[in-house]
Amino acid sequence: MNKGIAIYPGSFDPTTNGHLDLIQRGSKIFEELVVAVLRNSEKTPMFSLGERLEMLKELTADLSNVRIDTFDGLMVEYAKSIEATCVLRGIRAVSDYEYELQMALMNRKIEPTLETVFMMPADKYSYVSSRLVREVAQLGGPVRGLVPEAVEQKLREKLDPADKLRQRNVIEVPRRRKKKA
Ligand code: PNS
């Protein structure tokens, strides 16, 4: 096990099975892994910061050396503030490499002592991204197996709020009918 704190920064909107796979792998090689959710992104998120934190906390509850936090501003500044020595990022395919390399080198330019460590999630998640999960779910497609069950449920509730009431048997709400083309 590596001595030290690593940070796994990202938007996590929402957490996918690929993210979770990486968190599990990271938790095995670092003493402490801080999953850091960016607070103010330029993008409008599907899930609020509170919802993303709640999901991550629930999903990582069994990993004792994983902590969930938020950050704003420069990631390297936040990393320094919690005395992290490594940044963990996932690389799924060659297409990720260019962006990740650029980011890692820029971060190194700002803070040369902070190392970026890349890990690959399981190959079965190599095509899974939060953006595609959101798009498929919004268009009514299946995301089972791509996100943890708790996230799948949250997506259902977000896209069809009556689903929450149905689950709790509070009211009988008819399911939305698909529009005819
Ligand atoms: O999950 P994402 O959206 O790919 O994560 C990107 C993230 C949050 C890691 C990146 O945008 C970031 O670190 N933002 C914080 C601002 C910052 O430090 N920018 C300089 C990056 S070189």
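The values are calculated or read from the model by the stated rules, or taken from the named source; none is laboratory data. Because the structure is predicted, anything quoted here is derived from the model rather than measured. Backbone-built Cβ (ideal geometry, glycine too); neighbour counts: all protein chains shown. Heads up: the accessible areas ignore ligands, DNA and RNA and are worked out on the full protein's heavy atoms, side chains in. Shrake-Rupley method; radii C 1.70, N 1.55, O 1.52, S 1.80 Å.
Some notes on this structure:
- Test: residue in the range 33-49 that is in contact with an Asp or Glu (Cβ under 8 Å, 6 or more places away or on another chain), within 25 Å of Gly145 (Cα to Cα) and of a type in the set (D, E, K, R): no
- Summed over the range 12-53, the residues that are of a type in the set (A, V, I, L, M, F, W, C) and in a loop (DSSP other than H, G, I, E, B) give a count of 3.
- Scan of the range 146-161 for residues that are part of a loop (DSSP other than H, G, I, E, B) and over 14 Å from His19 (Cβ atoms), ordered by number: Asp160, Pro161
- Among the residues making up the range 80-120, those that are closer than 22 Å to Thr16 by Cβ and β-branched (Val, Ile, Thr) are Val87, Ile91, Val94, Thr116, Val117.
- For the range 34-51, a residue qualifies if it is open to solvent by less than 70 Å² (accessible area, probe 1.4 Å) and more than 23 Å from Phe118 (Cα to Cα), and the qualifying residues are Pro45, Met46, Phe47, Ser48, Leu49, Gly50, Glu51.
- Within the range 107-129, the set of residues being polar (S, T, N, Q), more than 19 Å from Gly26 (Cα to Cα) and within 14 Å of the ligand (Cβ to nearest atom) comprises Asn107 only.
- The one condition in (1) more than 10 Å from the ligand (Cβ to nearest atom); (2) part of a helix (DSSP H, G or I); (3) within 14 Å of the chain's Cα centre (by Cα); (4) not β-branched (Val, Ile, Thr) that Ser95 fails to fulfil: (3)
- For the range 42-52, the criterion of being touching a residue at least 12 places away in the same chain (Cβ under 8 Å) and more than 18 Å from Val133 (Cα to Cα) is met by no residue.
- Subset of the range 55-87 [open to solvent by 30 Å² or more (accessible area, probe 1.4 Å), aliphatic (A, V, I, L, M) and within 13 Å of the ligand (Cβ to nearest atom)]: Leu74
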